[in-house]
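> Following this message is one structure expressed as structure tokens.
Please treat every number below as a calculation from the coordinates, not as lab data. Since the structure is predicted, the reported quantities are computational estimates derived from the model, not experimental observations. Cβ coordinates were reconstructed from backbone atoms using ideal geometry, including for glycine residues, and neighbour counts include every protein chain displayed.
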Amino acid sequence: MSLQAGTRLGPYEIIGALGAGGMGEVYRASDTNLKRQVAIKVLPASVAGDPDRLMRFQREAEVLAALNHPNIASIYGIESEKTSGVFSERAGAEKTPDVFSTALVMELVEGDDLSARIARGPIPPADSTAIARQIIDALEAAHEAGIVHRDLKPANIKIRDDGTVKVLDFGLAKALDPATSGPQDSRTPGPQDRTMTSPALTQMGVILGTASYMAPEQAKGRPVDKRADIWAFGVVWYEMLTGRSAFPGETITDVIAAVVTRDPDWDELPATTPQAIRRLLRRCVEKDPKQRLRDIGDARIALGEAEQAPGPEIPAPAPARSSRLIVGVLAAATVASIALAGWLWQSSSTPALPVHLSIALPAGHALLSVPAISRDGRQVAFVSSDGIDRPQLYVRAIDETEPRLIPGTEEAHGPFFSPDGRWIAFYARNRLFKVSVDGGAPVGLADSTSSDGGTWTDAGTIIFNKTWNGGLEVVGENGDASSTLIAPAAPDEYAYVWPYAIPGTNDVLFASWGKEFKTVLLDTSSMTTRIVAPGWWRRVAHVPTGHIVGADSGDLLAMKLAGAGGATDESVAVIQGVDSGNMNGDSLFDVSQNGTLVYVRSSGDRQSIVSVDREGQATRQPLPESGYGRLRVAPDGRRAVSGGRLRVIDLERGTATPLTPELDGVPGSRQAPVWSLDGL
């Protein structure tokens, strides 16, 4: 229906049409009482002619009118009356007498809507952030008042000439829903909650929302909450940055299918998009609402932290043109830190200086596990503790200044990233878990009493150790039942540990322990194996030059991985001062696929033994600095035994007595000594 210029609706005189959509027709009007211009939204006849729905709409509008926020377009009132002949179905048609008309009177916001701005091209990250911040503020105010927008999209976001953002039509999708009228407020949600039945809305692709911006639960017709707005916000921001839809399709069905089954093309984001914004966008458009950002206020906090701690982006490495491996050596690092160095694969004629930095652990903390780095080299995960609280998992983005604690990860050990860097798997409390890099409840995947490494494959499976002296297990990334991938060939082998899936292939490297210690390559498609590094028994990684790297005796070694039947190159030391871990083979390094190495500087034989009394007073033992490994104190508290170089230490006299020299050179044999109950 159309409303003619000059028509009066209460004190409001229509000036002209502004637009039309599934929620009704919008007109510019003059408020003859207050001498101001307003926007009049004439509601569909299906609402105006239904007393129950009109009452529902009246209650919703009262709540919306209470929203007083600079980024939310205000509601001034509702006009509802019978008018004679002011509407017509089409131009030239006879006027229909006694039409029941209902209109929502709103603040008139001048300026383009966001869809018009996006149509002119992508919005630079800095400008889009300024817009996003105001949308966040509007959503946060509405959500705190218990109001969900349900139809957030660029067409419902206006940008004034002074840069102020105004969000329109809060809650109207719910208010206009025919299923939410009358006395059904307290009913259990049913099928009637799922779809707006107005033909106009169906034709517009609206199912309590607009197809391109609906959350998956909306698209499936399920009840929604504020997390649907968070999804739509992420989609709108993506569209601002890229200038294109996150879920394109020729038909509404195509769009909905994309929403439910596909992710946005993250490669379309501008290269200058900060990593913090990339992570925030991914968290907003998680398909599972349980894994999605739970509160839009968290987006405001994350955005503020990102702006306070800007950092350089790490560019993608240039394509390799030779197998020359150029590495950088960090001259020094603090005790409580993890070092990073740039690894560059490039032509020897164009060498470049590597980049180095040191990641400080939280104050008073010690590193307790192998650090992990994401494939893109942008995030580092590690486990640390201050010796009082239980160890927990931390994540540090390279473009941030401080590590972030991941709650719920007490007693974590052995973290490793998913291929896309959005998840971290880790061991804790005899289980293998995964947790989002942005936080949330950890998800249990499988039982495990080991922590000797793990790897996340491109195929969406996780290869891990179920026990310390067994084979390799495999479990789906969503926690399907685990099964044995490969078992040691007894009696010559007793353990397969430290698996590493080579990206882009079906190959997995792992260490084999038994009569001989070696690194083995497993082709998981044919389940065939071959030895690639005899004598290498610690954890290794693979780099795009075709080398495998591993740490031993303080050196990081590299060896060319030969093809099937080819001879394996001799290993060469490429960097010094890398902590080789302990006799369990957990070398403290990891390497990304873009050339970034993360490692712990070796402390060598520079450890001291310190005792702490009940009052917290620390006393250094009169023993020389050495590599004492893992200490175990005897039941009487007077002696201790150290792993590695197995020695009994008299804590009263300050002496150390070597034990079992015949075990020198036997990997793993002196890893975790324990005392008998009588201390003898």
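> So, by mean Cβ neighbours within 10 angstrom, what's the order for 105-112, 395-402, 134-141 with the highest one leading? Provide the component values of the computation, followed by the final result.
Values: 105-112: 17.6, 395-402: 19.2, 134-141: 22.2.
Ranking the peptides 105-112, 395-402, 134-141 by packing returns 134-141, 395-402, 105-112.
> Let me ask another. How big is the range 494-538 in terms of Cα radius of gyration and Dmax, in angstroms?
Over the range 494-538's Cα set, Rg and Dmax evaluate to 10.1, 32 Å.
> Quick one: 3J(HN,Hα) in Hz for the range 125-140, Karplus 6.51/-1.76/1.60 with θ = phi - 60°, rounded, Gly and Pro as x.
3J(HN,Hα) across the range 125-140, in whole Hz: x, 5, 5, 5, 5, 4, 5, 4, 4, 6, 5, 4, 4, 5, 5, 4.
> Right, something else. Contour minus end-to-end for M527 and D480, with contour as 0.36 nm per residue of separation and end-to-end as the Cα-Cα distance? Intermediate values should be presented prior to the final figure.
Numbers: separation 47, 0.36 × 47 = 16.92 nm, distance 2.10 nm.
The M527-D480 span can extend by a further 14.8 nm.
> Okay, next question. Considering the options W537, F464, G440, tell which one lies farthest towards the positive end of the dipole of the range 431-555, charges being +1 on Lys and Arg and -1 on Asp and Glu at the Cβ, about the Cα centre.
Positive-most Cα among the choices belongs to W537.
> Using 1/(1 + (r/R0)^6) with R0 = 22 angstrom and r between the beta carbons of D254 and Q291, what's the FRET efficiency to the nearest 0.05? Before the final figure, lay out the partial values.
Working: r = 25 Å, r/R0 = 1.13.
Calculated transfer efficiency: 0.30.
> If the viscosity is 0.692 mPa s and the temperature 37 °C, what Stokes-Einstein diffusion coefficient in µm²/s follows for the range 412-482 when Rh is the Kirkwood radius over Cα pairs? Spell out each step's value before the answer.
On the way: Rh = 11.8 Å.
Estimated via Stokes-Einstein, D reaches 279 µm²/s.
> Now a separate question. Which links in K153/K290; K226/K434; K41/K166; K287/K466; K153/K220 stretch past 28 Å when you go from one Cα to the other?
Details: K153/K290 22 Å; K226/K434 25 Å; K41/K166 16 Å; K287/K466 30 Å; K153/K220 19 Å.
K287/K466, as the Cα separations exceed 28 Å there.
> Between I15 and A66, what length comes free when the chain is fully extended (0.36 nm per residue of separation minus the Cα-Cα distance, one decimal in nm)?
Working: separation 51, 0.36 × 51 = 18.36 nm, distance 2.72 nm.
Computed gain between I15 and A66 is 15.6 nm.
> Arranged from highest to lowest average of other beta-carbon atoms within 10 Å per residue, in what order do the peptides 424-432, 65-73 appear? Let's see the in-between values first.
On the way: 424-432: 20.8, 65-73: 16.3.
Per-residue mean Cβ counts within 10 Å order the peptides as 424-432, 65-73.
> Here is a further query. In nm, what is the difference between 0.36 nm times the number of residues separating E402 and L357 and their Cα-Cα distance?
Details: separation 45, 0.36 × 45 = 16.20 nm, distance 1.31 nm.
Working it through step by step, the gained length comes to 14.9 nm.
> Modelling each spin label as a point 7 Å along the Cα-to-Cβ direction, I'd like the D112/N469 distance in nm, to one decimal.
7.1
> What list of whole percents do you get for P(r) of the range 376-427, with Cα-Cα distances grouped in 10 Å bins up to the one holding the largest distance?
Histogram of Cα-Cα distances, whole percents per bin: 25, 56, 18, 1.
> Another question, then. Return the Rg/Rh value of the range 368-497, two decimal places, where both radii are evaluated on C-alpha atoms and Rh is the Kirkwood radius. Before the final figure, lay out the partial values.
Values: Rg = 14.7 Å, Rh = 14.9 Å.
Across the range 368-497, the Cα-based Rg/Rh ratio is 0.98.
> Assuming R0 = 60 Å, what is the FRET efficiency of K220 and T655, from their Cβ-Cβ distance, to the nearest 0.05?
On the way: r = 71 Å, r/R0 = 1.18.
Once the sixth-power term is evaluated, E becomes 0.25.
> Something else: Using θ = phi - 60° and the Karplus relation 6.51 cos²θ - 1.76 cosθ + 1.60, list the HN-Hα couplings for the range 398-413 in order, rounded to whole Hz, with x at every Gly or Pro.
5, 8, 10, 9, 10, x, 10, 6, 9, x, x, 10, 4, 6, 5, 7
> Take peptides 590-601, 533-544, 260-271, 291-302 and line them up by average Cβ neighbours within 10 Å, highest first, as a rough protection proxy. Let's see the in-between values first.
Values: 590-601: 23.8, 533-544: 20.9, 260-271: 13.3, 291-302: 18.5.
The peptides rank, most packed first, as 590-601, 533-544, 291-302, 260-271.
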